[in-house]
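Taken together, the values in this text are just the output of simple stated rules run on the coordinates, not laboratory data. Owing to the predicted nature of the structure, the values given are computational and were not obtained by experimental measurement. Here Cβ is always computed from backbone atoms with ideal geometry, including for glycine, and neighbour counts include all displayed protein chains.
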Amino acid sequence: MKLLITGTAGFIGSNLVRYLLNHVDDLQIISLDSLEYAGDKINLENIPGGIESDRHRFIHGSICDTNLIDEIATEGIDGIINLAAHTHVDRAYYHPGVFIKNNVEGVLNLLRATARFDIKRYLQISTDEVYGSTQPEHPFDEKAPLRPGNYYSSSKAAADLYIAAAINTDGIDAVIVRGTNNFGPYQFPEKVIPFFTRRIIDGETLPLYGHGQQMRDWLYVEDFCRAIWLVFTRGVCGEIYNAGAGNHTSNLELSKKLVKTLDADYGLIKHVADRPGHDFCYAVNSDKIRKLGWRPDADFDTKLTETVIWYRDNQEWVNSIMTKSSADPDDESFFEKHYRHRT
Ligand code: TYD
């Protein structure tokens, strides 16, 4: 089977490629990534067989590039798994247009190619954020209305609606997976776990938004990769599958766990001005994917500790990916604008 997987130089994408090359035989992957601030080929360096092999080929490019997608599709592919997206809520606040371009127009481009080239299956990585905020005891199932609460989640919700339209209009075969907050190695250090870990190691304060009681359901990335593959191979066309871990943890509790793991001082935790429109909690009901045969295996505390240690022991990776990022003028201004005046 030959697949186009997009966003493979990013966090979940690189973990998915590694997972598939380790666990699935007879699979050829064409990897596509636009290598923007958070995506780096360094994340693929240690995949089995290397970046260029008979099982894996890397192409630098964007899902928004119609000619490029057509060119790839012409050589014959059996499916597309789309992980290419801008994902950081705080960035979406400053540059919502970038999110519409990549997360909506880019998806539409892939959907039209799926139809034109008769590609057998399209899988979209969506997010629990499309349902908006709730309480852990009131999780949303897949039929819940879409009530996105920020400029990132609204772009993901829009993409999900375009997928429904493409199934209905062009008759494509598509499935959607909505995961909860992923964590694990190779996550760009703007997301709270690697960001706070890096700050603790550097002896810097942790800018905890608002009261810090907001909660996220932390899903280990390898568990999510299994969910993606299961839905790609066994999911029913047109269906959406939630994948949650059941690890609801407040941001304050999470910050304390990170500080404790690195044997640092709790005084590093500093409450700062809240994120505008900060969603209190995301929670999903995962019964449907469980019926397909999935359940998360990871023990949260064990994997969180391993993840923190991975960032501590991979300082070279952290420095390299951050150096690339700060070389980007837009990115420099993001950190400046966003964090400088918060503490
Ligand atoms: P984040 O990793 O940005 O993921 P998302 O917003 O998609 O859930 O943030 C996770 C939680 O951590 C979220 O509730 C916001 C909070 N947070 C902070 O308190 N301070 C920070 O500097 C960041 C980046 C996040």
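Key figures
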item	result
Compactness relative to 2.2 N^0.38 Å, alpha carbon Rg of region 15-156	1.15
Listed residues Ile193, Thr261, Gly246: farthest to the positive end of the dipole of region 177-267 (Cβ charges)	Gly246
Reachable lysines, given that their alpha-carbon falls under 16 Å from the alpha-carbon of Lys120 and they are not under 8 places away in the same chain	Lys2
Charge dipole of region 1-74 about the Cα centre (unit charges at C-beta), most positive-ward option of Cys64, Thr8, Leu32	Thr8
Spatial separation of Cα centroids for region 243-271 and region 174-226, in angstrom	10 Å
Anchor Lys337: aspartates and glutamates whose Cα lies under 16 Å away (excluding residues fewer than 8 positions away in-chain)	Asp90, Glu190, Asp274, Asp328
Mean Cα-pair separation over length for the chain, i.e. relative contact order, pairs under 8 Å, 6 or more apart, %	18 percent
Within a Gaussian network of the chain (alpha carbon springs, distance under 10 Å), most fluctuating of Val284, Val259, Val221	Val259
DSSP H segments from the chain that extend 24 Å or more along their own axis, Cα-based, with Kyte-Doolittle mean of -1.0 or above	151-170
DSSP bridge pairs, the chain: antiparallel proportion in percent, nearest 5	10 percent
Three-way shape call for the chain based on the alpha-carbon gyration tensor, with the a/c threshold at 1.5	prolate
Least to most buried among Leu252, Leu292 (fewest other Cβ within 10 Å first)	Leu292, Leu252
Equivalent ellipsoid dimensions for region 88-191 as semi-axes, Å, which come from the Cα gyration tensor, largest first	24, 17, 14
Measure of compaction for region 160-215 (Cα Rg per 2.2 N^0.38 Å)	1.83
Shape of region 147-281, Cα gyration tensor, a/c cut at 1.5	prolate
Cα gyration tensor, region 222-293 - rounded (a/c under 1.5), prolate or oblate	prolate
Only Lys, Arg (+1) and Asp, Glu (-1) charged, at Cβ; the chain dipole about Cα centre in debye	620 debye
29 Å Cα cut-off, lysine pairs counted over region 129-281 (separation 8 or more, or different chains)	10
Dipole magnitude of region 143-272 about its Cα centre (Cβ charges: Lys, Arg +1; Asp, Glu -1), debye to nearest 20	260 debye
Rounded to the nearest 20 debye, dipole of region 206-343 from Cβ charges on Lys, Arg, Asp, Glu	380 debye
Kirkwood-type radius of region 259-333, with distances r between different C-alpha atoms, in Å	16.9 Å
